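Structure, as structure tokens:
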Amino acid sequence: SQTIHQWPATLVQPVGSPLSLECTVEGTSNPNLYWYRQAAGRGLQLLFYSVGIGQISSEVPQNLSASRPQDRQFILSSKKLLLSDSGFYLCAWSVEGAVTEAFFGQGTRLTVV
Amino acid sequence: GEDVEQSLFLSVREGDSSVINCTYTDSSSTYLYWYKQEPGAGLQLLTYIFSNMDMKQDQRLTVLLNKKDKHLSLRIADTQTGDSAIYFCALQAGGSYIPTFGRGTSLIVHP
């Protein structure tokens with residue numbers, strides 16, 4: 001069966017520090033991968049998606065970047081965090097080549113102080 | 001692009017039915033989903049409906065789709081305190097692998 005792992009679960013970082021959030025998927029090949037951010041009182045904002053290794057599409061220009069160094073690994077990064085980067089970050093995957101539901105990780109609560 | 005609207009809050013009494021509504025703008029939406037998010041957790045798919053359907057029932061859940069009015073609803077019968085969560089509708093056009101999510105409706109169930 002397929003599983004998705006996202007870590008860490010919570011993170012408190014000072015303004016100006018770097019960020020690296022990691023997401024891995026098991027039990028499937030070449031999944032579509034997504035990073036979403038959920039700010040308080042708001043819905044899901046799609047940040048990045050990827051349909052294959054090294055293929056990253058950015059939906060919203062901002063202080064973050066994403067990379068997919070391996071087929072089932074998706075990393076969200078920042079060189080210098082801003083206060084506005086605080087939020088709940090969700091990684092998700094869906095089946096390659098099919099229009100199906102997305103499967104979400106448990107999320108990372110990031111607080112920038 | 002697709003615009004998906006949901007009311008932010010719904011409060012019901014335990015045992016009553018809950019109806020969560022969603023309206024959308026893109027008539028090419030082919031796949032329509034309802035996700036549930038419990039506090040501090042990711043989203044889990046509750047149910048889904050295809051655009052060629054008007055209704056789908058799954059135990060306590062009933063999904064209604066009115067394509068003419070571009071309106072999707074989720075009815076939860078006999079609502080329990082464990083149903084308290086945020087409910088997201090999401091729409092996806094055929095051939096697209098990017099769903100568009102509503103802002104989520106926070107369902108509060110009172111004992």
Test each condition in (1) closer than 30 Å to A:LEU11 by Cβ; (2) assigned to a strand (DSSP E or B) for B:GLY40 and report the one that comes out false. (2)
Single match in B:THR25, B:THR79, B:THR30 (criterion: modelled with pLDDT of 95 or more and either over 19 Å from A:ARG37 (Cβ atoms) or away from every other protein chain (no Cβ under 14 Å) (or both)): B:THR79
Of the conditions (1) over 16 Å from A:PHE104 (Cα atoms); (2) open to solvent by less than 60 Å² (accessible area, probe 1.4 Å); (3) within 10 Å of the chain's Cα centre (by Cα), B:LEU10 satisfies every one except a single condition; which number is it? (3)
If you go through region B:37-50 one residue at a time, do you hit one that is away from every other protein chain (no Cβ under 11 Å) and crowded, with 18+ Cβ neighbours inside 10 Å? yes
Looking for something farther than 14 Å from B:VAL19 by Cα, part of a strand (DSSP E or B) and either open to solvent by 50 Å² or more (accessible area, probe 1.4 Å) or not basic (Lys, Arg) (or both) - is there at least one such residue anywhere in region B:61-80? yes
Is it true that some residue in region B:91-100 is surrounded by 17 or more Cβ atoms within 10 Å (Cβ to Cβ), in a loop (DSSP other than H, G, I, E, B), under 15 Å from the mean Cα position of the chain (by Cα) and within 14 Å of chain A (Cβ to nearest Cβ)? yes
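The values are calculated or read from the model by the stated rules, or taken from the named source; none is laboratory data. These numbers come from a predicted model, not from an experiment. FYI the Cβ positions are ideal-geometry reconstructions off the backbone, even for glycines, and counts take in every protein chain you see. Calculation scope for accessible area: heavy atoms of the full protein, side chains included, ligands and nucleic acids excluded. Shrake-Rupley method; radii C 1.70, N 1.55, O 1.52, S 1.80 Å.
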